[in-house]
1. I'm trying to understand the selection: among the residues of region 126-166, which are of a type in the set (D, E), surrounded by fewer than 21 Cβ atoms within 10 Å (Cβ to Cβ) and either more than 27 Å from A267 (Cα to Cα) or outside the structural domain of H231 (by the TED database) (or both)?
2. Let me spell it out: the conditions are (1) under 15 Å from the mean Cα position of the chain (by Cα); (2) touching a residue at least 60 places away in the same chain (Cβ under 8 Å); (3) assigned by the TED database to the domain that holds P253, and A170 meets all of them except one. Which number is the exception?
3. With the requirement that a residue be of a type outside the set (D, E), within 20 Å of the chain's Cα centre (by Cα), under 19 Å from I264 (Cβ atoms) and not in a helix (DSSP H, G or I), what does region 93-117 give you?
4. Are any residues in region 186-210 without any contact (Cβ under 8 Å) to a residue 60 or more places away in the chain, open to solvent by less than 50 Å² (accessible area, probe 1.4 Å) and of a type in the set (A, V, I, L, M, F, W, C), and if so, which ones?
5. May I ask you to say which residue of G249, G180 is open to solvent by 40 Å² or more (accessible area, probe 1.4 Å) and on the phi > 0 side of the Ramachandran plot?
6. Would you check which residues across region 88-113 are open to solvent by 30 Å² or more (accessible area, probe 1.4 Å) and among the β-branched types (V, I, T) and list them?
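The values are calculated or read from the model by the stated rules, or taken from the named source; none is laboratory data. All figures in this text were calculated on a predicted structure; none of them were measured in a lab. As a convention, Cβ positions derive from the backbone with ideal geometry for all residues, glycine included, and neighbour counts pool all protein chains shown. Just the protein is used for accessible areas: all its heavy atoms, side chains included, with ligands, DNA and RNA removed. Shrake-Rupley method; radii C 1.70, N 1.55, O 1.52, S 1.80 Å.
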Amino acid sequence: MTDDAREPGPETDQPAVTPPAAKGRFALSGTVLGGAAVAMSAVALALSAAPYLSGGFGGKVRDYLISNPQVLDEVLAARETMESQSRVQTINAAAAANPALLAVDARDPAFGPANAKVTVIEFFDFRCPGCKAVAPEYRALMAAHPDVRFVFKDWPILDRGEDVSSQYAARAALAAHQQGKYLAVYDALMAERALDRASIDRILADNGVDMARANAAISAPEMTRHVTDIHAAAAALGLQGTPTFFINGVASPGIDPREVGALIEAAKKKG
């Protein structure tokens, strides 16, 4: 996952996050930025300690670090991997303890056989850079696996203050789903570089969505409950960023669609 969620804000009633994304692994942007900060701190600590590491073992450590500064990168990479694995384990434990969190929700857009042996669930935000980056390949996975059920959890977490474009995009896409036009709108929203209300409305109209019906659905209490329930499930699972993929209830440690594809194949063989 890439973008990390924070506590709901008073104006949006939804989590906010700290971009940007780290592609290709189960890494929060906060973790990536935190790792960079730790790296800087480690370098600073090493340099500050260097004058005192003279002679004997301390001198050897000092000389080695000065000659091989890449060791600090290796240490930090190992730490990041351990933290990522720990997060995945925590999420999977929460999912196993409460399967209802990932149970079928008729309100969610879902494609593929209802009785499929493999179900893939994605929690995502339409403005998440990582989500946008993997969307084309993820859609290709859907085409390559017609026997798999793919479920979309519209989880808007990138809004701040008066900017509620993520929330509006999620509601708009779900409104399009009520008119049978979800995937076309999903593709267009993911392809749009910068989303705001005007561009979202344009995408709906361009894809044949009845705007009067869509506007009514977007502001309906039922829509608020749906999005709120997705937030609640994500919080209960301990999710911290988007995109997050689940294959048969187990979180993928990375966001690379090739990795998700491998997990789908493994689940098919196991099932």
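1. Scanning region 126-166 gives E162, D163.
2. For A170, the exception is condition (2).
3. The answer is V104, P109, A110, F111.
4. A188, I200, I203, L204, V209
5. G180
6. Matches in region 88-113: T90, V104.
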